[in-house]
Every structure is written in C-alpha cells, then in structure tokens.
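Chemist: Okay, handing you the structure first.
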Amino acid sequence: MSVRNRTEKQARLYHVRGQVQGVGFRYFVEQSANALGLRGWVRNVDDGSVEVYAVGTPGQLSELAGFLWKGPRWAEVRGVEEAEAAVEEHVGFFVKQ
C-alpha cells in the first residue's frame, strides 16, 4: 500500500445493531470520533440500530470500527455492518437528530 492510500480520506457508513439506543451510544461515538479526528455524524434509526457516517484515513476508520464493536458500558453490540460511502464535507463530528 502506498503512502497516498494510507493518508487519503475515505468514507464509511456503519450500521450498529444490538442494545445501542438509550445507553449513551451516540455520545460515545461522537467523543471517540472527535478524539480520532474524524468528520461525520451519528444518529439513531427507527429500527433500534445506530447509523454512523465517518470520513477519515483508513487507520482512523479502522480504529473507529473497533470502538463501535465495544460501545459504552451499558451497550450490547451484536453486529456492525460497514459499507464504503461517498466522501462528503462535514465540519467536525456530531450527533445528528
């Protein structure tokens, strides 16, 4: 892998399933993503899952995926689906209502 591929911005859309609503999951993701320097958003989905859109380097996105599998203390993550997404411009990382 070239240096360019490791530093080029990519986007991912994650779908996190399990006990992930009502346990501070979105705020956990917001803090984790901001600490990693990612841009994007996190929101609850009507089916009880959480959706995360993140833009960053492959290394940053990989670290975020690890945090998504862990979740905050009261969460029970049962699955994380990951898909490539188009890179969109966002200022920071935030909880989307």
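Chemist: Please report, in whole Å, how far the alpha carbons of the chain spread along each principal axis, starting with the longest.
Modeler: Principal-axis extents of the chain (Cα, largest first): 40, 24, 22 Å.
Chemist: Please give the per residue accessible area of region 1-66, computed with a probe of 1.4 Å over protein heavy atoms only, in Å².
Modeler: 49 Å²
Chemist: Right, another one. In nm, to one decimal, how far is the modelled label at Lys96 from the one at Trp74, with both set 7 Å along Cα→Cβ?
Modeler: Going from the Lys96 label point to the Trp74 one covers 2.5 nm.
Chemist: Can I ask one more? Counting Lys and Arg as +1 and Asp and Glu as -1, each charge on the Cβ, what is the dipole of the chain about the Cα centre in debye, to the nearest 20? Present the calculation step by step, with values, prior to reporting the outcome.
Modeler: Details: 12 positive and 12 negative charges, 55 e Å.
Here the size comes out at about 260 debye.
Chemist: Turning to a different aspect of this structure: Per residue of the chain, what 222 nm ellipticity follows from adding -39500 (n - 2.57) for every DSSP H run with n ≥ 4, rounded to the nearest 500?
Modeler: Dividing the helical sum by the residues of the chain leaves -9000 deg cm²/dmol.
Chemist: Just grab the label-to-label distance for Glu84 and Val45, each label 7 Å out from Cα along the Cβ direction, in nm (one decimal).
Modeler: Each label point lies 7 Å from its Cα, and together they span 2.0 nm.
Chemist: Any idea what angle helix 58-70 forms with the longest principal axis of the chain, computed on alpha-carbon atoms, 0 to 90 degrees, nearest 10?
Modeler: 10 degrees
Chemist: Read phi for every residue in region 11-20 and hand back ³J(HN,Hα) as whole Hz from Karplus 6.51 cos²θ - 1.76 cosθ + 1.60, θ = phi - 60°, with x for Gly and Pro.
Modeler: 3J(HN,Hα) across region 11-20, in whole Hz: 10, 9, 10, 10, 10, 9, 10, x, 8, 10.
Chemist: Against the longest principal axis of the chain, how steep is helix 25-36, in degrees 0 to 90 to the nearest 10, with axes from Cα atoms?
Modeler: Tilt relative to the chain: about 20 degrees.
Chemist: Let me ask something additional. Rounded to the nearest 5, what is the percent of antiparallel bridges among the DSSP beta bridges in the chain?
Modeler: If I count the DSSP bridges inside the chain, around 90 percent turn out antiparallel.
Chemist: Still on this structure: Can you pull the percent of the chain's accessible area that's carbon plus sulfur, 1.4 Å probe, other chains left in place?
Modeler: 48 percent
The values are calculated or read from the model by the stated rules, or taken from the named source; none is laboratory data. Quick caveat, the model's predicted, so the values are computed rather than measured. FYI the Cβ positions are ideal-geometry reconstructions off the backbone, even for glycines, and counts take in every protein chain you see. The area values use the complete protein model at the heavy-atom level, side chains included, leaving out ligands, DNA and RNA. Shrake-Rupley method; radii C 1.70, N 1.55, O 1.52, S 1.80 Å.
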